[in-house]
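Step one of this worksheet: look at the structure below.
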Amino acid sequence: MKPRLSKAAIQLREQIDDTYPSRLRDSDGWIGDLRHSSRESDHNPDAQGWVRAIDIDADLAGKPKPELMPDLVDQIRLLCKSGAEKRIAYIIFNGKICSPILRWKFRNYTGINKHNKHAHFSFKKEADNDGAFFQIPMLGGTHDSGN
């Protein structure tokens, strides 16, 4: 079965691409490499072929400075925390992970890859066919997380 990327993941990547057309893409990806295939990962296709993760290079401005990814990750985290965004399962960036487990509070990430060169976004199964626009202010959205 041919792998297919979650529609929510496609939408988020497209919004980032549209907002930051000169961004670096060196660390972008969605299909798991050989390392990923040996373990459980949202980068691996499930039985129906769905891949539910994307990596987005940390250099949104197309150069190392200014560092915009920490702000973007935080806006997405806050929208998830407020309940305004329900399609994202967890985010990993700069050695930290956030998810509903601690109400979207960042905690240390103990995995091998600290995700310093890119942000990792994993999506819920319900997001497979939900390509709705993300209401993230840095990506043209208008939703206020209230935090």
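Here, each number is a calculation from the coordinates, and none is a lab measurement. Note that the structure is a prediction, hence the values are computed from the model and not measured. Here the Cβ positions follow ideal geometry from the backbone for every residue, glycine too, while neighbour counts run over all protein chains shown.
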The chain: Rg to Rh, with Rh as the Kirkwood radius over Cα pairs: 0.93
What ranking of 72, 24 emerges when the number of other C-beta atoms within 10 Å of each C-beta is taken as an exposure proxy, fewest first? 24, 72
Quick calc of log₁₀ I(q)/I(0), region 64-108, Debye, one scatterer on every Cα, no solvent, q values 0.28, 0.30 1/Å, result -1.02, -1.13
Per-residue Cβ neighbour rank within 10 angstrom, fewest leading, 16, 101, 112: 112, 101, 16
For residue 50, residues with placed amide H under 5 Å, excluding near neighbours: 4
Which ³J(HN,Hα) values, rounded to whole Hz and listed in residue order, are derived for region 133-141 from phi using the Karplus coefficients 6.51, -1.76 and 1.60 in 6.51 cos²θ - 1.76 cosθ + 1.60 with θ = phi - 60°, glycine and proline given as x? 4, 7, 8, 9, x, 5, 10, x, x
Likely footprinting exposure, 120, 115, fewest C-beta neighbours within 10 Å first: 115, 120
Report, by chain and number, residues whose modeled amide H sits under 5 Å from the one on residue 41, excluding near sequence neighbours (fewer than 5 apart, same chain). none
